[in-house]
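Worksheet for the structure shown next.
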Amino acid sequence: MTIPKKYGRTGAVVPALGLFLACGGGDSGGSSGSGADDASEPAEAVPASAEEALAIDESLLPEGVTVAMVEEGRDLFSGGGICHTCHLDGTGGPLAPDLTDDQWLNVDGEYQSIVELVKNGVPQPVKHPGTMLPRAGMPLTDAQVEAVAAYAYMLSRM
């Protein structure tokens, strides 16, 4: 990335700082609120670019979860929910665990526990160095949290 001279050396710090803070930045101090009321507008889903519909076995969906929720969750995961900054394409990385396998580190992997994890964050992760802020530090509505959780739930079951 080329930084215009007018920004000096600190110009490169701002984008990196944004990514660092999205994943909690390793500060286990937590957050004082749920994150839901911190901004006036909820994060918007960014539609998956020309991706085909997900191949979802509807018999695997938890009660109350629809295919549409999972697809909205995918769009949020990859866009406005910023989950991809730490979980990458779902396979995890140095900052966050793999969501595509059957090993769950901070919860039992059931849908409702994933909803609660996204709502409350992960102040003391079992394995990874960065904390996850409640709602990933984004102004996600409860419905958006449920959609992201539905997608994360299905990642380990597809």
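Take T91 and decide whether it is within 19 Å of M158 (Cα to Cα), part of a loop (DSSP other than H, G, I, E, B), within 13 Å of the chain's Cα centre (by Cα) and among the polar types (S, T, N, Q). Criteria met by T91. For segment 115-131, filtered to residues that are under 12 Å from the mean Cα position of the chain (by Cα) and either on the phi > 0 side of the Ramachandran plot or basic (K, R) (or both), the residue that is most open to solvent (accessible area, probe 1.4 Å) is K119. Taking the conditions (1) among the β-branched types (V, I, T); (2) modelled with pLDDT under 95; (3) open to solvent by less than 70 Å² (accessible area, probe 1.4 Å); (4) in a loop (DSSP other than H, G, I, E, B) in turn, V65 satisfies each one other than (2). Scoring V118 on the criteria (1) in contact (Cβ under 8 Å) with a residue 40 or more places away in the chain; (2) assigned to a helix (DSSP H, G or I) leaves a single failure, condition (1).
The values are calculated or read from the model by the stated rules, or taken from the named source; none is laboratory data. No experiment lies behind these values; they were computed from the predicted model shown. Glycine gets a Cβ as well: all are built from the backbone with ideal geometry, and neighbour counts include every protein chain shown. In case anyone asks, the SASA skips ligands and DNA or RNA and just uses the protein heavy atoms, side chains included. Shrake-Rupley method; radii C 1.70, N 1.55, O 1.52, S 1.80 Å.
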